[in-house]
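Visitor: Take a look at this one; I'll ask things after.
The values are calculated or read from the model by the stated rules, or taken from the named source; none is laboratory data. Everything numeric here is computed off the predicted structure, so don't read it as measured data. Backbone-built Cβ (ideal geometry, glycine too); neighbour counts: all protein chains shown.
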Amino acid sequence: MGTSETFEETQRFGQPWIWLLIGAVGIVSVIASAGVGLVIVVAIAALFWLVRLTTEVREDGVYVRFAPFHRSFREIRFDEIESCEVTEFDLLTYGGIGIRWTPSTIAYMTARGRGVELQRDGEKSVVIGSQRADELVAEIDGRL
């Protein structure tokens, strides 16, 4: 963690079911001698391996980066945040994992479970999945 960060968390897609599914499709592709299918499976596996959700609390706001889709961090300044709270969600809440949009929310998540919801005045709320949701809320609340 750098000197300007007070909180940092990086998450990856670590669910066994994802890797089992990718492996099963890969085995079927090899058995069926589908070279193109195997290349696609390897590319998908590489993408899942590269994906990282990084959340940082810095002096001026909360920063979120869902690499490799975001080249740089998305900033949510503290003066934009009305409130924050721990939230529980499952995969059906936002329709899956990854970067999800609803009419009222943008969500970043690598798994179901807990996260932090940031309410913003006149803007969509932001939900950030976190394995350390209580710590993240405490860090943000200390800045509001």
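Visitor: Out of the residues in region 84-112 that are of a type in the set (Gly, Ala, Ser) and surrounded by 14 or more Cβ atoms within 10 Å (Cβ to Cβ), state the one that is farthest from Leu50 (Cα to Cα). Working first, answer last.
Guide: Restricting attention to region 84-112, the residues satisfying the condition of being of a type in the set (Gly, Ala, Ser) are 95-96, 98, 104, 107, 111.
Then keep just the ones that are surrounded by 14 or more Cβ atoms within 10 Å (Cβ to Cβ); that gives 98, 107, 111.
Details: Gly98: 13, Ala107: 19, Ala111: 15 Å.
Selected residue: Ala107.
Here's the yes/no breakdown for (1) modelled with pLDDT of 95 or more; (2) farther than 16 Å from Glu9 by Cα; (3) more than 11 Å from the chain's Cα centre (by Cα):
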residue	(1), (2), (3)
Pro103	no, yes, yes
Ala111	no, no, no
Gly122	no, yes, yes
Ser125	yes, yes, yes
Gln131	no, no, no
Glu135	yes, no, yes
Arg143	no, yes, yes
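Visitor: Then there is this: From Arg100, Arg132, grab the single residue that is in contact (Cβ under 8 Å) with a residue 40 or more places away in the chain, among the basic types (Lys, Arg) and in contact with a strand residue (DSSP E or B) (Cβ under 9 Å, 6 or more places away or on another chain). Walk me through it before giving the result.
Guide: Numbers: Arg100 fails: in contact (Cβ under 8 Å) with a residue 40 or more places away in the chain.
Just one listed residue meets the conditions, Arg132.
Visitor: Tell me which residues, restricted to region 81-96, are under 24 Å from Ala138 (Cα atoms) and among the aromatic types (Phe, Trp, Tyr).
Guide: Answer for region 81-96, where residues must be under 24 Å from Ala138 (Cα atoms) and among the aromatic types (Phe, Trp, Tyr): just Phe89.
Visitor: Criterion first (polar (S, T, N, Q), over 18 Å from Gly122 (Cα atoms) and exposed (fewer than 15 other Cβ atoms within 10 Å of the Cβ)) does Ser72 satisfy it? Spell out how you get there, then give the answer.
Guide: Numbers: polar (S, T, N, Q): yes; over 18 Å from Gly122 (Cα atoms): yes; exposed (fewer than 15 other Cβ atoms within 10 Å of the Cβ): yes.
Yes; evaluated as a whole, the condition is true for this residue.
Visitor: Give just the number: which of (1) within 19 Å of Arg12 (Cα to Cα); (2) exposed (fewer than 15 other Cβ atoms within 10 Å of the Cβ); (3) among the basic types (Lys, Arg); (4) modelled with pLDDT of 95 or more does Arg65 not satisfy?
Guide: (2)
Visitor: State the number of residues belonging to region 77-89 that are farther than 9 Å from Glu117 by Cβ and over 15 Å from the mean Cα position of the chain (by Cα).
Guide: Matching residues across region 77-89 total 6.
Visitor: Could you look through region 10-45, keep only residues that are polar (S, T, N, Q) and outside any strand (DSSP E or B), and pick out the one that is farthest from Gly96 (Cα to Cα)? So that I can check it myself, show each step before the final result.
Guide: Initial filter on region 10-45 (polar (S, T, N, Q)): 10-11, 15, 29, 33.
Restricting the remaining residues to those that are outside any strand (DSSP E or B) gives 15, 29, 33.
Details: Gln15: 13, Ser29: 25, Ser33: 31 Å.
Of everything passing the filter in region 10-45, Ser33 is farthest from Gly96 (Cα to Cα).
This table checks each residue for (1) under 30 Å from Val25 (Cβ atoms); (2) part of a loop (DSSP other than H, G, I, E, B).
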site: Thr55; (1), (2): no, no
site: Phe66; (1), (2): yes, no
site: Ile76; (1), (2): no, no
site: Glu85; (1), (2): no, no
site: Ala107; (1), (2): yes, no
site: Val116; (1), (2): no, no
site: Gly122; (1), (2): no, yes
site: Val127; (1), (2): yes, no
site: Glu135; (1), (2): no, no
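Visitor: Checking the condition surrounded by 14 or more Cβ atoms within 10 Å (Cβ to Cβ), in contact with a helix residue (DSSP H, G or I) (Cβ under 7 Å, 6 or more places away or on another chain), assigned to a helix (DSSP H, G or I) and hydrophobic (A, V, I, L, M, F, W, C), which residue from Phe7, Phe48 passes?
Guide: Details: Phe7 fails: assigned to a helix (DSSP H, G or I).
Step by step, each of Phe7, Phe48 is checked, and only Phe48 is surrounded by 14 or more Cβ atoms within 10 Å (Cβ to Cβ), in contact with a helix residue (DSSP H, G or I) (Cβ under 7 Å, 6 or more places away or on another chain), assigned to a helix (DSSP H, G or I) and hydrophobic (A, V, I, L, M, F, W, C).
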